[in-house]
Amino acid sequence: MTTVPSFRIDPLPATFGAVVTSLRLADLDEAAFNALYAAWLDHALLIFPGQHLTKDEQVAFARRLGPLEFDIAPISNVRSDGTLRPDDGPDGREADDVVKILKGNMGWHQDSTYMPVQAKGAVFTCHVAPSSGGETGFADMAAAWDALDPATQARLEGLSAYHSLAYSQGKLGHAHRAGSAYSGYGMTAAEAPLRPLVKTHPETGRKALAIGRHAHAVPGLGETESDALLAELVEAACQPPRVWQHAWTPGDAILWDNRRLLHRAMPWDMTEPRVMWHSRIAGDAATEGV
């Protein structure tokens, strides 16, 4: 446990992450915010129980971390009118396109790697949690890089992969269609960005694997070899002590570093509502681009 001016930090039993208490995110003075930002770079994942942020408070806090890719959006199986979005059913009912994205996000990924500029991080809050399931898992790609043998590191530093949401959703049978409830950029992008498999964090200098469900088609490798390599990297990387799974309680807020961590949602019974709100911090084109 570490106590800094105005808040307490309790590290998680993993290679990353901490629970932060004795503070209110909406009321941080400049000194406390600067200390919190330094803690974020150190731990990559900060969990803030019992914040109960309003949407305006969430956006205001996220803006202090940098320009936003978008200010706030629901990550939810609940429509704006309060009804549940349909899931696949035994009667042949087809899942809503938003639900298909929610299910896709149950695979390990980093946000916006299929965009021209990868996201820096995110603020995520829980408003409604299901009775079981629906946790969010995180995995430390800097520690995963450190765990690789030198020969594997040398090989990976010379490789890149294309990143595409249309590719990753397509593997689940989800294709873009006109009038879809989900019209995110990545489903219609003309070109998939090519990103190195190893990136250097622009603020900490640590190297980290840049992998996950959107990555595919490593240049210089055949499709089978590329798919096998990327799958093996994710499987090996996302193992204890490099993983943590957060069970949500309404009012929780989380801040994670998208440049270091993979994340994924865990399954839940989609006849139950799960309502989360997501603010995404934009990356810097000079350091987070292709």
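Let me know the longest stretch in the chain that avoids all GluC sites (Glu not before Pro) found in a DSSP loop with at most 16 other C-beta atoms within 10 Å. Value returned for the longest uninterrupted segment is 1-93. In straight-distance terms, cross-link reach from Lys55 covers every one of the aspartates and glutamates whose alpha-carbon lies under 12 Å from its own, apart from those fewer than eight places away in the same chain; here that gives Asp71. Computed over the chain, the per-residue total of -39500 (n - 2.57) for DSSP H runs of n ≥ 4 gives a 222 nm mean residue ellipticity of -7000 deg cm²/dmol, rounded to 500. Of Phe16, Phe70, the sequence from fewest to most neighbouring Cβ atoms within 10 angstrom is Phe70, Phe16. Across q = 0.07, 0.12, 0.16 Å⁻¹, the chain modelled as identical point scatterers on its alpha-carbon atoms has Debye log10 I(q)/I(0) values of -0.25, -0.78, -1.39, in the order of the q list.
Dipole orientation for the chain: of the candidates Val78, Gly137, Met115, Met115 has the Cα lying most toward the positive pole (charges on Cβ; Lys, Arg +1; Asp, Glu -1). Dipole size of the chain about its Cα centre, with +1 on Lys/Arg Cβ and -1 on Asp/Glu Cβ: approximately 180 debye, rounded to the nearest 20.
Every number here is computed from the coordinates shown, using simple stated rules; none is lab data. These numbers come from a predicted model, not from an experiment. Counting neighbours? That spans all protein chains shown, and the Cβs are built from the backbone with ideal geometry, glycine included.
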